[in-house]
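The values are calculated or read from the model by the stated rules, or taken from the named source; none is laboratory data. These numbers were taken from a predicted model, which means no experiment stands behind them. Cβ placement follows ideal geometry from the backbone for every residue including glycine, while neighbour counts extend to all protein chains displayed. Just so you know, the surface numbers come from the protein's heavy atoms only, side chains and all, with ligands and any DNA or RNA stripped out. Shrake-Rupley method; radii C 1.70, N 1.55, O 1.52, S 1.80 Å.
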Amino acid sequence: MAETNTRPPLYIRIHAADNVAIVANDGGLKTGATFADGLVLVDNVPQGHKVALADLAEGDAIVRYNVVIGYAQKALQRGSWVHERVMRMPTAPELDGLPIATVKPPALPPLEGYTFEGYRNADGSVGSRNILAITQTVQCVAGVTEFAVQRIKAELLPKFPNVDDVVALEHSYGCGVAIDAPDAIIPIRTLRNISLNPNFGGEVMVVSLGCEKLQPERLLPPGTIPITDQRGEGATDAPLDVVCLQDDAHVGFMSMIDSVMRQAEVHLARLNTRRRETVPASELVVGVQCGGSDAFSGVTANPAMGFATDLLVRAGATVMFSETTEVRDGIDQLTSRASSPEVAEAMIREMAWYDAYLQKGRVDRSANTTPGNKKGGLSNIVEKAMGSIVKSGSAPITGVLSPGEKVKQKGLIYAATPASDFICGTLQLAAGINLHIFTTGRGTPYGLAEVPVIKVATRSDLARRWHDLMDVNAGRIADGDATIEDVGWELFRLMLDVASGKKKTWAEHWKLHNALVLFNPAPVT
């Protein structure tokens, strides 16, 4: 800390047209601090917070990223601290009259020769891990399943050294819900597609209570489970393996546990025969997300992730970015990058659907930006959106997924999800990711049990303090010790090593993971 405090005052300005910049120094700067260009602070300004680069009159536009992020609520002197309490947020951009597929960037040169060691699946997908996942039709069985999983890990898993883990796909859905409501399709297809995630090797096992609304056959109807060679050549459909707790055969709690363990052993034996093989980097399906964001997110970690996103697209891989409320204010930037008018219109439909969803709950987009975001220097959702979008890099957006849908194409995909970290992660799992990248400025122990999560710190101070939770320090960009390109390549190479099982992320090391949270906009009865 002593070393960073001796550094001269430094601010970071994103664009020449910006009239605010963020203070880069650890711990922030005090009144009177003088920058190299002669700017003098007239307020104490915390790290990551904005300082006015010019005198601003009441009502003047406040510009960052060459975008109006707000309007001054009062006159602000050059060198003033600019924060959410002295700003008025702009109105949301309209969804009419947007630029449609107008940006035609030059084609990125292919990136060839990069591979990883993955598990090939019967449906053509590739896993980065070899995991037995136990699906549940309803929350009622969660305790039983978790009890069984702990015994499976202790008693069975050691017999199958080629299986990485056993996870219970616990959730809060399944009964007490309007199962036939139109929007019920979202949680149902989410759970269905999570059950078929590439990291589970096509081994689908279900624990059911028996009386729930979400019956196993409705969750996984015939034709949804791919056939593997071990289940019989020439079969027309994979059998649905269900342990129903209300079956008459179960007498007592331990008989339920015995049934779950007995079936789990069958799946473990099949998974144990699988081996990694060399596959091209094009088989990566990467979800990118940010949480606990700060003003450095759009300066260091997210631009580095954007550079890595372009590398992945050049390698033929699939990358999906999400968080509807965190990109809504930059919708014009997204529709203009669409590869076709159809893709642009699909994005607009998803934004309009979510606008209506928020309106139904009588909230607006100002509901996004947490106390931690504001403490980290993000004044409102407009500023947060500009820093969030850069994760998507510069490639054309080639596809759009509605919540819970599974990806079926390569390239850069917009997967519509809420901004909530755990709901977004759950929906990206359903979309079919085999790797997850999570950038953070405030810090979060977020993780997923189902896929590896690479954590990227936006600031060196966070990376030092959370040295055994953060996998990459993008704060070196702000420190002047690395470029965006340097960290982007570091991320790309780390993804290949993690996907190959050569390296474990810190979240994997500590076995940290968040609960699955299904997005259910339908009524609860």
For residues that are small (Gly, Ala, Ser), open to solvent by less than 10 Å² (accessible area, probe 1.4 Å) and not in a strand (DSSP E or B), scanning just the stretch 391-418, find the one that is farthest from Thr102 (Cα to Cα). Gly404
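To keep it simple, each residue is scored yes or no on (1) open to solvent by 20 Å² or more (accessible area, probe 1.4 Å); (2) assigned to a helix (DSSP H, G or I).
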position	(1), (2)
Ser282	yes, yes
Ala304	no, yes
Phe307	yes, yes
Val313	yes, yes
Val319	no, no
Scan of the stretch 335-357 for residues that are open to solvent by less than 30 Å² (accessible area, probe 1.4 Å) and part of a helix (DSSP H, G or I), ordered by number: Thr335, Ser336, Val343, Ala344, Ala346, Met347, Ile348, Glu350, Met351, Tyr354
Single residue of Lys391, Lys410, Lys360 found to be among the basic types (Lys, Arg) and touching a helix residue (DSSP H, G or I) at 6+ places or on another chain (Cβ under 6 Å): Lys391
Expected output for the stretch 437-448 (first residue on the phi < 0 side of the Ramachandran plot, partner part of a strand (DSSP E or B) and charged (D, E, K, R), Cβ below 8 Å, 6+ apart or cross-chain) is Phe438/Lys455; Thr439/Lys455; Thr440/Lys455; Tyr446/Lys455
With the requirement that a residue be closer than 14 Å to Leu311 by Cβ and in contact (Cβ under 8 Å) with a residue 60 or more places away in the chain, what does the stretch 86-114 give you? Leu108, Pro109, Pro110, Leu111, Glu112, Tyr114
Residue pairs qualifying under the 8 Å Cβ cut-off, at least six apart or on distinct chains, with the first in the stretch 250-276 being within 24 Å of Leu209 (Cβ to Cβ) and the second being among the hydroxyl-bearing types (Ser, Thr, Tyr), are His250/Ser259; Val260/Thr145
Going by the conditions given, is Glu212 modelled with pLDDT of 95 or more, open to solvent by 50 Å² or more (accessible area, probe 1.4 Å) and of a type outside the set (Lys, Arg)? no
Among the residues of the stretch 358-371, what is the count of those that are modelled with pLDDT of 90 or more and open to solvent by 80 Å² or more (accessible area, probe 1.4 Å)? 4
Search result, residues across the stretch 446-459 that are out of contact with any Phe, Trp or Tyr (no Cβ under 6 Å at 6 or more places or on another chain) and open to solvent by 10 Å² or more (accessible area, probe 1.4 Å): Leu448, Ala449
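Has the stretch 59-71 got at least one residue that is modelled with pLDDT under 95, touching a Lys or Arg at 6+ places or on another chain (Cβ under 9 Å), over 30 Å from Leu284 (Cβ atoms) and not aliphatic (A, V, I, L, M)?
No - not one qualifying residue is present in the stretch 59-71.
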Among strands (runs of 3 or more DSSP E) lying entirely in the stretch 13-121, which contain 1 or more residues that are surrounded by fewer than 16 Cβ atoms within 10 Å (Cβ to Cβ) and out of contact with any helix residue (DSSP H, G or I) (no Cβ under 7 Å at 6 or more places or on another chain)? 61-64, 67-72
